[in-house]
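Have a look at the structure below, then the notes.
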Amino acid sequence: MSFFRNFPTVAYNFGNETFDTTFHNLTTYIDLIDQIADDASFYEKYYIQDGQRPDVLSYELYGTSDFYWTFFLLNPSLRKQGWPMSSLEVYDAAKLFYPNKVIMTTASMHGEFYIGDIIADRANVDEFGTIFKARILEKNYDLGQLTVQPIVDVRSITLTNGGSGYTSPPTVTISGGGGNSATAQAVMTYLDGNTVVTSQTIQSIAVITGGENFTSAPTVTISEPDIANGTQATATAVLSGFSLPRQTTIYSQQNEPNVLLWSEIKVRSLITRDTVEQYNAAAYYTDTNQNIVDLNINVGGGGVDNEVGQLNKIPVTYLDRLITTNNELRNINIFTPSVAAQVNSEFQKLLRS
């Protein structure tokens, strides 16, 4: 990059190298801009447009892309936080920074629903467990929120071809799909009347551990049959879901991750108001004057009233907050063209001295 080409060089021996390596000393600092940064006669205000790059802006303002570094040295916020993102990049960043789901409730959560425990929607449960389950990451009493990480696991395995020629249970391997730790075993017996019969055909695949973090259905591979002319069995994986109805009841039992082992005595329930993507959840609330405010406590219920439409309390989401921060970075100081050229010339001269 042109900004570093005149930086002084130093010789340094890296590790067990025989000879020193010469490289630019990037720690060199010239305080020229610090000396003039407070003099308003040297600069003017500028608003960075959506998607405008620093080198392109330098060329538009000064006729050269080499002065881009002045934007960073003249604006401490850019040095600390970087160049503002485009609108699309902000949205992508919000999904990356806040990838989970937030469950909102107006009910009390005291003494139940602990961080690290599993929640599940027991309204959708069968012999494979619940369709939806998630791990509690954070509990916010003030906002009436549970931040949860959906557990997308292998819920069941569908046998598409039972194969033939198996004299012992084959190995079942689950791979790919972005997840991990899923295991299963083949079942070769079936009930014929009152008699248990062992066949040379796979009857079903039982999931032992569902794993987690799957983004797509993994590949299920069943090892080859023992008999040479046998047919290799095939199967496909079915993943759990990761969405909840807007209003439902969720359940949790402290220190028990297996929902099939939950006890009716120990399990706890919670009525939800809504479930949203984490980046669309409220980071805080404001009044109509944009002052941060607290939510009201429900009388007799212990929870908070986050049904705020009629209360003149406005939710500010994590995405909103990121957009505001990014837009603040767009307002910068820039040198006037004549000053930029002089500053660059003097800066390079001081580097070489």
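The values are calculated or read from the model by the stated rules, or taken from the named source; none is laboratory data. Note that the structure is predicted; figures quoted are calculated from it, not measured. Ideal geometry is used to build each Cβ from the backbone, glycine not excepted, and the neighbour counts take in all protein chains shown.
Annotations
- Selection of the stretch 220-272 for residues being over 24 Å from residue 116 (Cβ atoms), in a loop (DSSP other than H, G, I, E, B) and in contact with a Leu (Cβ under 8 Å, 6 or more places away or on another chain) yields only 233.
- Taking helices (runs of 4 or more DSSP H) as the structural unit, those lying wholly within the stretch 61-124 and holding at least 3 residues that are under 16 Å from residue 46 (Cα atoms) and modelled with pLDDT under 90 correspond to 69-74.
- Residue match in the stretch 210-231 (condition: among the charged types (D, E, K, R) and surrounded by fewer than 15 Cβ atoms within 10 Å (Cβ to Cβ)): yes
- Of everything in the stretch 307-343 that is crowded, with 19+ Cβ neighbours inside 10 Å and over 25 Å from the mean Cα position of the chain (by Cα), the residue that is nearest to residue 87 (Cα to Cα) is 332.
- Residue selection: residue 289 satisfies the criterion of being in a loop (DSSP other than H, G, I, E, B), free of Cβ contacts under 8 Å to residues at least 24 places away in the same chain and at negative phi.
- Selection from the stretch 44-60 of residues that are part of a helix (DSSP H, G or I), free of Cβ contacts under 8 Å to residues at least 12 places away in the same chain and surrounded by 14 or more Cβ atoms within 10 Å (Cβ to Cβ): 59
- Hits in the stretch 223-239 (condition: within 18 Å of residue 159 (Cα to Cα) and touching a Gly at 6+ places or on another chain (Cβ under 7 Å)): 225, 230, 231, 232, 233
- Matching residues, the stretch 287-306, being over 18 Å from residue 139 (Cβ atoms) and either exposed (fewer than 15 other Cβ atoms within 10 Å of the Cβ) or in the same structural domain as residue 105 (by TED's automatic domain parsing) (or both): 287, 288, 289, 290, 291, 292, 296, 299, 300
- Residue within the stretch 73-86 that is in contact (Cβ under 8 Å) with a residue 60 or more places away in the chain, over 19 Å from residue 325 (Cα atoms) and of a type in the set (S, T, N, Q) present: no
- Scanning the stretch 154-204 for residues that are buried (at least 19 other Cβ atoms within 10 Å of the Cβ), farther than 25 Å from residue 228 by Cα and of a type in the set (A, V, I, L, M) yields a count of 3.
- The stretch 240-274 - residue that is hydrophobic (A, V, I, L, M, F, W, C) and modelled with pLDDT under 90 and, of those, surrounded by the fewest Cβ atoms within 10 Å (Cβ to Cβ): 261
- The stretch 133-181, residues that are over 20 Å from residue 122 (Cβ atoms), part of a strand (DSSP E or B) and hydroxyl-bearing (Ser, Thr, Tyr): 147, 158, 160, 173, 175, 181
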